[in-house]
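Okay, so here's the structure we're looking at.
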Amino acid sequence: MIQYVIKHKHATGGLLALAAVAGVALSAPPDDATPRRNTAAAAASTADHPRLRALLHRLTTVDGAPGALAAVQDRRGGTTVLTSGVADVRSQAPVRPDSRFRIGSLTKPFVATVVLQLVGERRVALDAPVERYLPGVVRGHGNDGRKITVRQLLQHTSGVPDVLDHLRPQDVLDDPLAHHDARDLVDIALAHPPTFAPGTGWSYSSTGYLLAGMIIERVTGHSYRDEIRRRVITPLGLRGTSAPGDSPAIPGPHPRGYVRPGPKAPLRDITAINPSVAGAGGAMISSGGDHNRFLSALTRGRLLRRAQLRQMMNTRPTGDADGRAYGLGLESRPLPCGGRYWGHTGDIFGYETAAGATLDGRQATAMANLGPGSSDAQSDDLQAAVETALCERRPHGAGPGGDR
């Protein structure tokens with residue numbers, strides 16, 4: 001995500017990190033941004049979630065996103081979906097509550113879940129060297145798979161350089177339908193020295209998840225996409241969720257995805273993109289309701305054995321001032337109403353997302369259909385939308401979700 005030449009907003013990377021080099025604006029949209037109408041859809045009365053509604057309105061006015069969505073699930077499984085703005089700036093069609101969208105790095109918890117299932121099956125060892133599963137792959141310029149563990153890949157403590165720091169973003173924008181092989185992306189990263197010696201620091205690296213996807217393939221004989229479908233999507237009945245290969249289409253109802261290629265430039269539609277450029281680090285598609293169902297199943301132990309879920313939730317500080325800590329594909333953050341919640345953020349060309357769940361049974365997922373070219377305020381307000389949703393209208397007697 002963008003701050004300055006290949007930096008990540010809140011250090012939770014994604015393909016928006018490419019934007020600065022591509023010449024995409026980092027400033028807020030101009031006052032004469034594309035006109036849009038605001039809409040709201042909910043499974044509750046209009047008096048519900050007033051602060052969350054205000055944040056969605058801010059996302060589609062002050063922050064400049066064409067559209068925004070927030071899906072909230074309470075402890076009893078009741079779902080509310082709020083929307084604001086438009087799914088299509090030409091037709092002015094509103095954002096649908098059942099929208100699907102690219103989720104970017106929200107893919108990482110899915111990938112980590114599959115790896116940890118393989119750990120539970122004794123087919124992968126977390127503290128085994130990457131070399132055991134991918135012999136000769138992690139080599140060169142000081143990178144050495146014999147010294148890096150699977151755990152370190154999932155926790156961003158491997159020191160493997162982030163491929164997003166070294167891709168040519170203009171190539172992606174110029175040819176969004178091009179195929180990108182995972183090994184080629186890894187090799188782009190490994191042409192550079194490690195960020196630090198394995199295990200001695202923390203730095204977000206999508207390269208680690210490309211390697212995790214390759215480990216899944218080597219161990220199972222199937223792609224990470226097939227394993228996610230078999231182990232997560234199908235068992236949970238996530239009908240709006242998919243792990244595409246090269247298909248540029250988003251199945252079902254979806255908002256258009258936009259970039260803003262300059263401070264005063266019109267929005268550019270980037271909905272059709274080959275997601276292989278993100279691979280196991282961020283290629284998936286989902287909906288707000290589906291992603292909440294996934295987070296609920298994950299944090300309540302339906303997808304992982306107890307020992308593996310403990311490993312996933314065994315965090316280390318990231319060094320962020322906001323108290324964020326990172327586990328294995330899942331991060332925890334403090335809630336403004338007390339306690340902590342578990343989730344992730346994500347972005348890919350056209351979309352930015354954030355999601356979280358409390359251990360007492362509430363989940364929230366938020367999306368805006370703009371990036372790169374969004375402001376830092378958009379990222380902040382998406383995060384605030386998740387936190388507000390998790391804190392607002394808590395059931396009587398329920399406290400905030402605490403850390404384990």
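The values are calculated or read from the model by the stated rules, or taken from the named source; none is laboratory data. Everything numeric here is computed off the predicted structure, so don't read it as measured data. In this analysis, Cβ positions are derived from the backbone assuming ideal geometry, glycine residues included, and neighbour counts consider all displayed protein chains. All accessible areas refer to the heavy atoms of the entire protein, side chains included, with ligands and DNA or RNA removed. Shrake-Rupley method; radii C 1.70, N 1.55, O 1.52, S 1.80 Å.
General observations
- Peptide ranges 125-132, 52-59 listed from the most packed, as the mean C-beta count within 10 angstrom indicates: 52-59, 125-132
- Full-extension gain in nm, residue 246 to residue 322, via 0.36 nm per residue minus C-alpha separation: 23.7 nm
- Oblate is the label for region 185-307, because the ratio a/c of its alpha-carbon gyration tensor axes (a ≥ b ≥ c) is 1.5 or higher and a/b is not greater than b/c.
- Gain on full stretching of the segment that runs from residue 306 to residue 187 - 0.36 nm per residue minus C-alpha separation: 39.3 nm
- Gyration tensor (alpha-carbon) shape descriptor, region 249-297, a/c threshold 1.5: prolate
- Label-reachable residues, region 227-256, where backbone N falls under 12 Å from a point 7 Å from residue 179's Cα toward its Cβ: 245-247
- Gyration tensor (alpha-carbon) shape descriptor, region 282-404, a/c threshold 1.5: rounded
- With protein chains left intact and a 1.4 Å probe, residues in region 341-381 average 9 Å² of accessible area per residue.
- Candidate values (i) 40, 29, 23; (ii) 36, 26, 18; (iii) 31, 25, 18 were compared with semi-axes √(5λ) of the Cα gyration tensor in Å computed on the shown model; the agreeing label is (iii).
- A crude spin-label estimate for the pair residue 314 and residue 239, with each label 7 Å from Cα along the Cβ direction, gives 4.0 nm.
- Relative contact order (percent, whole number), the chain, Cα cutoff 8 Å, 6+ residue spacing: 25
- Ellipticity estimate at 222 nm from DSSP helix runs (n ≥ 4, -39,500 (n - 2.57)) divided over the chain, nearest 500: -7500 deg cm²/dmol
- Accessible area of region 57-171 belonging to carbon and sulfur atoms, whole % at 1.4 Å probe: 46
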